[in-house]
1. Which of the residues spanning region 35-50 are of a type outside the set (Val, Ile, Thr), touching a strand residue (DSSP E or B) at 6+ places or on another chain (Cβ under 7 Å) and outside any loop (DSSP other than H, G, I, E, B)?
2. Quick one: would you say Arg19 is at pLDDT 95 or above, open to solvent by 80 Å² or more (accessible area, probe 1.4 Å) and assigned to a helix (DSSP H, G or I)?
3. Could you pull out the residue among Gly32, Gly12 that is outside any loop (DSSP other than H, G, I, E, B) and open to solvent by less than 80 Å² (accessible area, probe 1.4 Å)?
4. Can you find a residue that is surrounded by 13 or more Cβ atoms within 10 Å (Cβ to Cβ) and touching a strand residue (DSSP E or B) at 6+ places or on another chain (Cβ under 7 Å) anywhere in region 57-69?
5. Go through (1) touching a helix residue (DSSP H, G or I) at 6+ places or on another chain (Cβ under 9 Å); (2) modelled with pLDDT of 95 or more for Leu46 and report which single condition fails.
6. Kindly indicate whether Leu48 is surrounded by 12 or more Cβ atoms within 10 Å (Cβ to Cβ) and either of a type in the set (S, T, N, Q) or free of Cβ contacts under 8 Å to residues at least 24 places away in the same chain (or both).
7. Are any residues in region 51-61 small (Gly, Ala, Ser) and assigned to a loop (DSSP other than H, G, I, E, B), and if so, which ones?
Amino acid sequence: MSRAKRVDANQGEIVDALRAVGAKVQPLHMVGEGVPDLLVRYRGDLHLVEVKDGRKPPSDRRLTPAQLAWH
């Protein structure tokens, strides 16, 4: 079942900050199915990053069942 891919409001800010320190960032949020939101290459290492908005209530910051299964 396909679901609309939501982007946390702070994702752009996080991407900008990562790029400002020299990281290469590839958004992956559109993949869905629990795949983390960002692929980040920094100093030769790859990192998968799941973005959560700390301004939201804790119940809205939990990993979805698909994210839990993927992680």
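The values are calculated or read from the model by the stated rules, or taken from the named source; none is laboratory data. Source: prediction; values computed, not measured. Note that each Cβ is placed from the backbone with ideal geometry, even for glycine, and that neighbours are counted across all protein chains shown. When the accessible area is computed, the model is the full protein with side chains, heavy atoms only, and any ligands, DNA or RNA have been set aside. Shrake-Rupley method; radii C 1.70, N 1.55, O 1.52, S 1.80 Å.
1. Taking region 35-50 as the starting set, the residues that turn out to be of a type outside the set (Val, Ile, Thr) are 36-39, 41-48, 50.
Filter once more, so that each one left must be touching a strand residue (DSSP E or B) at 6+ places or on another chain (Cβ under 7 Å): 36-39, 41, 46-48.
Matches in region 35-50: Leu38, Leu39, Arg41, Leu46, His47, Leu48.
2. Numbers: at pLDDT 95 or above: yes; open to solvent by 80 Å² or more (accessible area, probe 1.4 Å): yes; assigned to a helix (DSSP H, G or I): yes.
Here the answer is yes, as Arg19 does meet what is asked.
3. So the residue among Gly32, Gly12 that is outside any loop (DSSP other than H, G, I, E, B) and open to solvent by less than 80 Å² (accessible area, probe 1.4 Å) is Gly12.
4. no
5. Every listed condition holds for Leu46 apart from (1).
6. Yes, satisfied.
7. Gly54
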